[in-house]
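Down below is the structure, laid out as structure tokens.
The values are calculated or read from the model by the stated rules, or taken from the named source; none is laboratory data. From a predicted model like this one, the values you see are computed outputs, not experimental measurements. When we count neighbours, we look across all protein chains shown, and the Cβ atoms used for this are built from the backbone with ideal geometry, even at glycine.
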């Protein structure tokens, strides 16, 4: 691939290349400018999801995919350095939907057949009450009313955000090492969303 001024793709300065490219596009049809902006702004917004009026910006290495069920509003797969995986899912059922906080905490903890440890903490983030749930042990994966598969060495990082339009339920579950590494990232993601 060639770049402006006959320089190679790898030797061209990124700043000079995009500056030259954008200046040439600006002089052409408006559609060219529109296409340029879409292409080169996309990566910055690819991992932004909006749920119940809040915008959550996930790291680039969290891979977004279409929700696998109508109950899910967004979902991400998270690859760990150890080659194992975790998944983050956003649930939202509208104002008053999804049950109370305590019922959801109990439901999450009961998904562990054997628990090594667990914790439930409450925090007010930018005037929004948020409950964090952590658990470690053997997780029972599967659909709510279907067969379950025991997954030893798993961890849960969950959050219940009592938002302005009803509660949001975030659930990260998977390999314990991967979840533990990404738990602080999830907390920061929530804090940024609630600050907007």
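Numbers at a glance
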read-out	value
Some residue of segment 44-65 being at pLDDT below 95, assigned to a helix (DSSP H, G or I) and exposed (fewer than 12 other Cβ atoms within 10 Å of the Cβ)	yes
Test: residue in segment 103-121 that is out of contact with any strand residue (DSSP E or B) (no Cβ under 6 Å at 6 or more places or on another chain), over 21 Å from residue 139 (Cα atoms) and modelled with pLDDT under 95	no
Residue list for segment 73-84, filter: over 12 Å from the mean Cα position of the chain (by Cα) and surrounded by 14 or more Cβ atoms within 10 Å (Cβ to Cβ)	79, 80, 84
Residues of segment 97-126 satisfying the condition of being in a strand (DSSP E or B), in contact (Cβ under 8 Å) with a residue 40 or more places away in the chain and touching a helix residue (DSSP H, G or I) at 6+ places or on another chain (Cβ under 7 Å)	125
Of all residues in segment 151-178 being more than 30 Å from residue 95 (Cβ to Cβ) and not in a strand (DSSP E or B), the one that is nearest to the chain's Cα centre (by Cα)	178
